[in-house]
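Values quoted throughout were computed directly from the atomic coordinates according to the rules given, and no laboratory measurement underlies them. From a predicted model like this one, the values you see are computed outputs, not experimental measurements. Cβ atoms come from the backbone with ideal geometry, glycine included; neighbour counts cover every protein chain shown.
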Amino acid sequence: MQVEHRNIYGPLWKSKFGPLVVINVASAELIEQMLRQEGRHPVRTDMPHWRTYRELRSYSYGPLTELGDKWQRIRSILNPRMLKPQHVSSYSSIINPVVTDFIHKVAWIRQTKGDGIIVPDVTGELYKFAFEGICSVLFETRMGCLNENIPEETQKFIFSVGEMFRLSHIVMLFPKYTWSYLPFWKHFVAAWDHLFKVAHKLVEQKITDIQEKVKLGEPVQGAYLTHLLMSEQMSLHEILGSITELLLAGVDTTSNTISWALYHMAQEPHIQEKLNEEVNSVCPGDKVPDSSDFAKMPWLKAIVKETLRMYPVVPGNARITVDDEIVVGDYIFPKNTLFHLCHYAVSYDEQHFPQPQSFLPERWFRGQEKFKQHPFGSVPFGYGVRACLGKRVAELEMYLMLSRFIKCYEVRPDPSGTKVEPLTRTLLAPATPINLQFVERKLESGQCLCWRRLHWGKPVGPVLLVQGWPRHVQRVCRALHHIPNMRAAVYERW
Ligand code: HEM
């Protein structure tokens with residue numbers, strides 16, 4: 001729709017969304033001009049529906065919903081452990097076991113549901129991966145999303161996130177005074193209630209763990225939540241408000257992006273092979289990548305950038321001018337104007353991205369004169385002080401997953417040839433399920449990438465899992481895939 005409207009009205013037009021009047025901006029130059037005047041405390045939108053829920057239940061606002069000085073304070077507390085490279089790199093050791101479990105899960109799905117090769121609805125599976133990954137980082141807790149049977153409460157949480165986003169769009173079509181009379185407002189409130197309930201339980205659990213450790217005189221170590229609780233910069237109330245919003249923002253975003261990257265690599269085997277070669281040259285044999293390896297993987301980074309250009313998870317961002325009137329193009333806009341930044345349309349602007357419909361990661365390589373870009377042509381994580389808080393963690397998750405996955409499997413398209421289009425449900429998502437074939441890479445890996453053999457406690461090599469290898473080895477490895485604790489002293493996950 002953004003692309004169609006830009007073709008009809010040009011790069012700047014006014015429209016209405018429910019009760020809201022919106023100024024749409026659809027060129028890289030005008031988006032740059034707008035964002036450079038966004039002020040000290042940028043406001044994305046005032047999110048009245050999300051804020052009203054919090055007021056109703058007396059919960060604190062988090063980084064997504066808070067405004068002004070209070071927002072800046074929250075960000076200054078949340079930023080360091082989310083964005084500073086030295087902290088983020090330490091999350092590799094938390095996310096890598098989750099990637100290992102996902103690789104196991106894929107093996108299991110192929111065997112049990114996919115005729116030994118297909119994984120139906122890859123996005124759904126990656127959603128569980130992303131949820132497990134972000135919970136591990138934030139709460140330092142495993143939720144069991146990658147088990148064969150997912151705990152009921154976790155399943156309900158996943159459902160509630162989907163409902164909340166779906167209803168958000170609908171609620172905003174109506175004026176605020178009508179909300180309490182609308183049936184879907186009640187569902188919207190119920191969805192939020194469940195999200196806060198789960199987050200509350202996890203925070204309480206962490207507090208109990210910390211208290212027990214302190215009582216026993218043990219050192220208290222942990223990643224994100226432990227740090228927030230121990231630093232005492234935020235009240236418990238504020239931590240709950242912030243951590244719930246971080247959790248929400250960190251699931252669909254990464255899972256949709258990884259799905260599109262795999263979908264495109266399945267269509268374009270030469271890109272996939274380049275990535276596989278790159279990963280194997282930086283991390284040969286059984287070396288598992290960590291954050292320090294990615295600086296040497298330009299293809300991997302370019303694939304993620306190109307995926308986010310073609311499928312920006314936030315296809316249209318927003319800003320409300322709160323400080324002053326501003327000039328955009330040939331117009332002066334008063335204070336409190338709501339701007340809709342049409343990033344999706346700009347990502348497909350031929351002027352900045354030649355052959356915009358083609359998946360060309362090489363356009364992101366430095367010094368590519370023919371692909372010279374505008375700095376605001378693709379800004380998938382947003383801009384300035386209000387930009388994405390989870391950018392570094394999201395990149396780490398996506399890099400770890402794609403690099404390790406491509407080492408294990410060759411990805412092939414759905415044999416039915418189904419083309420998947422994107423659809424906006426607040427966030428950009430695949431309109432229909434993405435089904436893919438995963439073929440084990442035999443020659444290069446010839447190994448099980450999740451388990452290795454130990455001799456007197458020392459790793460002596462990977463477990464082999466290919467046709468043609470000795471039967472007993474295959475048997476042990478398969479058994480280990482299904483009963484993870486079996487002979488744990490002789491085999492370990494890696
Ligand atoms: C592919 C992954 C992701 C993409 C493309 C993405 C994109 C974005 C975008 C475009 C914004 C708005 C920025 C702006 O207004 O300038 C945003 C905000 C935000 N994101 Fe992400 N995001 C991703 C993953 C994550 C993850 C994993 C987390 C949590 C760990 C997260 C947490 C947040 C938060 C809390 C905000 C609000 C920041 C604020 O208003 O101060 N995001 N994200």
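Where in the range 22-94 are there trypsin sites (Lys or Arg not before Pro) that are in a DSSP coil and have at most 14 other Cβ atoms within 10 angstrom of their Cβ?
Those that pass, being in a loop and sparsely packed, are ARG36, ARG40.
Between SER58 and ARG36, what FRET efficiency follows from the Cβ-Cβ distance if R0 is 41 Å, with the result rounded to 0.05?
0.65
How large is ³J(HN,Hα) for each residue in the range 5-18, as worked out from phi by the Karplus curve 6.51 cos²θ - 1.76 cosθ + 1.60 (θ = phi - 60°), to whole Hz, x for Gly and Pro?
5, 5, 4, 7, 9, x, x, 9, 8, 9, 8, 10, 10, x
For LYS128, what is the net charge nearby, where nearby means another residue's Cβ is under 11 Å from its Cβ and Lys, Arg count +1, Asp, Glu -1? Write out the running numbers ahead of the final one.
Details: positive: LYS105; negative: ASP101, ASP121, GLU125, GLU132.
Once positives and negatives cancel, what remains is -3.
Over every pair of different alpha-carbon atoms in the chain, take the mean of 1/r and invert it; report that Kirkwood radius in Å.
Hydrodynamic radius (Kirkwood, Cα only) of the chain equals 24.2 Å.
If you find the alpha carbon centre of the range 331-401 and of the range 138-194, how far apart are they in angstrom?
Distance between centres, Cα-based: 29 Å.
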